[in-house]
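A.B. asks: Input: one structure, supplied below.
The values are calculated or read from the model by the stated rules, or taken from the named source; none is laboratory data. It should be emphasised that the depicted structure is a prediction, and the values quoted were computed from it without experimental measurement. As a convention, Cβ positions derive from the backbone with ideal geometry for all residues, glycine included, and neighbour counts pool all protein chains shown.
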Amino acid sequence: MRIQFLGAAGTVTGSCFLLDTDHSRIMIDCGMFQGAKGIRERNYGNFFVPPRSVQSVLLTHAHIDHSGVIPKLVKHGFKGKIYANPPTIELCEVLLPDSGYIQEMEVERKNRKNRRAGRPMLEPVYTVDDAYKSLPYFQRALYDQVIQVAPDVRVRFVDAGHILGSAMIEVWVQEGCSEIKLVFSGDIGNHDRPIVNDPSIIAEADYVIMESTYGNRLHQQCEKEIELLHGVIWETYKKGGNLIIPAFAVERTQDLLYHLNLLMEEKKMPPMQVYIDSPLATAATNIFQRHRDCYDQEASEIVGRGGDPVIHQSLKFTLSAEESKALNQVSGAIIISASGMCDAGRIRHHLKYNLWRPESTVLFIGYQAEGTLGRQILDGQKSVRIFGDEITVKADIRNIECYSSHADQAGLLKWVKNFTSPREIFLVHGEPGATETLAGLIRVEAGRKVTIPAWHEVVELIPTAADLEAGDTIRRAYMSLSAKIRHLLSGGVHPSHQEELLRRLADLENFVEEKAVKNSEA
């Protein structure tokens, strides 16, 4: 058995891991790279393996850096099943077409310049139509339900506490007479977040593939986040400007709405109109309301009292482009818009019209990847380029880190220490500094073997001596040859040779298994 790190290795985004067993090829996540131009360009390359060779995809959650290349996978030949929790499927039904639209618009804008310059035309990674064509491949995977996704692989999704429908995935692989368990953490949620439950605790695993986004940082005191938000709102109100909040359409926007509702109910808000300027966030909020069974205890109690944790009657949702453009003329308002890292969407227009105004404030409430516009602003750049124009940064820039839906360094350490005796922990989903810092802490505080894989690195998961009992040694010796033949088959062998190769492979498998059984009996 081997695992290949096709994304989120050495960087936060592009989550994609390929698990090859004796009998199956399974992909965990199929995410889009985000951030600096060099990272984003990876989205345009060919898949490292033929999509048709992948039997199934296990999707941890709906964020685009975990799900965003699924339409491309289907477009290029994938015909299997995509397993995900029901809210994740519904969120993908709105997020993936929106992603396709953004790519179409971005390529159209670039091609106008390419046409004038005589350069070759670009093609989007996928289109809106490609995104819709990928949706029938999704298959419901309920929390805590064990699912046989391949003859030798069964899986279980458990609540990751990151966003609605997010999951950690337990994977059991049967190899001869032994069974090996892997755990893919996905994005580990922050404790005590609004609406969603705390992340699940898992104690047993042979191998753990774990995120490390905040591996070198601690969040602010999160019990005070609503007070921090309250302070930024009043600070902006007294200046007379707009409060611009870039927020991911899924979870972060709903967290904000949750706290704004509490402030409104307690009559602590100044007279500022709140606009949700994101059709995607509006659709996501509707999905949240349909899945109240996933709410945590506090949110469920609000529903039990006849309230709504995320919707207040005074909020205004803007849907059309005309309504969004009209916000360029308002002042003294709170405008929440996507995307959360400011690399696409309507938020760029609001930044263009407000960044240069000293009376305005831009409040960041989520992680900003290297190379994104949000990261440039948060890092203190004096000017930034938006839609080809140079915009001076004079607005106040604020950051409330505890809104993050990721566990911080302390949360990550607490989660990983629950494992009793993992053989190896692979750290992914982190910039090098964060990953290396967390790796050092896990080695010292938990005494575990930690590996930081490189992009495209292949790791053979070697069995222990105990795994090789009962004649498994012969089958293991055969494994490498079997994998090579299967790789050859998946790489495009001529049809006239495929049937013969498959027949010979089946005969060889039967022979090796018979020998292994005889050895074990002896």
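A.B. asks: So, in region 133-171, how many residues would count as being in contact with an Asp or Glu (Cβ under 9 Å, 6 or more places away or on another chain) and of a type in the set (Ser, Thr, Tyr)?
C.D. replies: 2
A.B. asks: Given the conditions (1) within 19 Å of residue 408 (Cβ to Cβ); (2) at pLDDT 95 or above, report the number of the one that residue 217 does not fulfil.
C.D. replies: Residue 217 satisfies all of (1) within 19 Å of residue 408 (Cβ to Cβ); (2) at pLDDT 95 or above except (2).
A.B. asks: Just wondering, is there one or more residues in region 68-77 that are surrounded by fewer than 24 Cβ atoms within 10 Å (Cβ to Cβ) and touching a strand residue (DSSP E or B) at 6+ places or on another chain (Cβ under 9 Å)?
C.D. replies: Yes; the residues of region 68-77 include at least one that is surrounded by fewer than 24 Cβ atoms within 10 Å (Cβ to Cβ) and touching a strand residue (DSSP E or B) at 6+ places or on another chain (Cβ under 9 Å).
A.B. asks: Go through (1) at positive phi; (2) surrounded by fewer than 20 Cβ atoms within 10 Å (Cβ to Cβ) one by one and return the number of the condition residue 378 breaks.
C.D. replies: (1)
A.B. asks: It is to be established whether one or more residues within region 214-233 are surrounded by 15 or more Cβ atoms within 10 Å (Cβ to Cβ), farther than 25 Å from residue 338 by Cβ and either of a type outside the set (A, V, I, L, M, F, W, C) or in the same structural domain as residue 169 (by TED's automatic domain parsing) (or both). Break it down into steps so the answer makes sense when it comes.
C.D. replies: Let us first name the residues in region 214-233 that are surrounded by 15 or more Cβ atoms within 10 Å (Cβ to Cβ), namely 214-217, 219-220, 222, 225-226, 228-230, 232-233.
Subsequent filtering for residues that are farther than 25 Å from residue 338 by Cβ retains 215-216.
Next, only the ones that are either of a type outside the set (A, V, I, L, M, F, W, C) or in the same structural domain as residue 169 (by TED's automatic domain parsing) (or both) stay: 215-216.
So far as region 214-233 goes, yes, one or more of its residues are surrounded by 15 or more Cβ atoms within 10 Å (Cβ to Cβ), farther than 25 Å from residue 338 by Cβ and either of a type outside the set (A, V, I, L, M, F, W, C) or in the same structural domain as residue 169 (by TED's automatic domain parsing) (or both).
A.B. asks: Within 22 Å of the chain's Cα centre (by Cα) and of a type in the set (Asp, Glu): is that true of residue 277 in this structure? I'd like the intermediate steps shown before the answer.
C.D. replies: Values: within 22 Å of the chain's Cα centre (by Cα): no; of a type in the set (Asp, Glu): yes.
Taking the combined requirement at face value, the residue does not satisfy it.
A.B. asks: Determine which single condition residue 112 fails, assuming it passes every other condition in (1) basic (Lys, Arg); (2) surrounded by fewer than 18 Cβ atoms within 10 Å (Cβ to Cβ); (3) in contact with a Lys or Arg (Cβ under 8 Å, 6 or more places away or on another chain).
C.D. replies: For residue 112, the failing item is (3).
A.B. asks: Within region 48-62, is there a residue that is farther than 22 Å from residue 150 by Cα and either assigned to a loop (DSSP other than H, G, I, E, B) or at pLDDT below 95 (or both)? Even if it seems obvious, please write down each step before you answer.
C.D. replies: Start the filter on region 48-62 by keeping residues that are farther than 22 Å from residue 150 by Cα, which leaves 62.
Applying the additional criterion that residues be either assigned to a loop (DSSP other than H, G, I, E, B) or at pLDDT below 95 (or both) yields 62.
Yes; the residues of region 48-62 include at least one that is farther than 22 Å from residue 150 by Cα and either assigned to a loop (DSSP other than H, G, I, E, B) or at pLDDT below 95 (or both).
A.B. asks: Could I ask something else about it? Write out, first by first residue and then by second, each pair whose Cβ atoms fall under 7 Å of each other, whose residues are 6+ apart or on separate chains, and whose first residue, in region 48-60, is in contact (Cβ under 8 Å) with a residue 40 or more places away in the chain while the second is in a loop (DSSP other than H, G, I, E, B) and surrounded by fewer than 17 Cβ atoms within 10 Å (Cβ to Cβ).
C.D. replies: Final answer for the pair search is 48/456; 50/77; 50/491; 50/492; 52/77; 52/79.
A.B. asks: Condition first: over 23 Å from residue 180 (Cα atoms) and not in a helix (DSSP H, G or I). Now tell me which residues in region 403-428 satisfy that. Outline the logic, then answer.
C.D. replies: Restricting attention to region 403-428, the residues satisfying the condition of being over 23 Å from residue 180 (Cα atoms) are 403-414.
Within region 403-428, 404, 405, 406, 407, 408 meet the criteria.
A.B. asks: Quick one: which residue in 353, 258 is farther than 24 Å from residue 191 by Cα and aromatic (Phe, Trp, Tyr)?
C.D. replies: On the way: 258 fails: farther than 24 Å from residue 191 by Cα.
Criteria check complete, one pass: 353.
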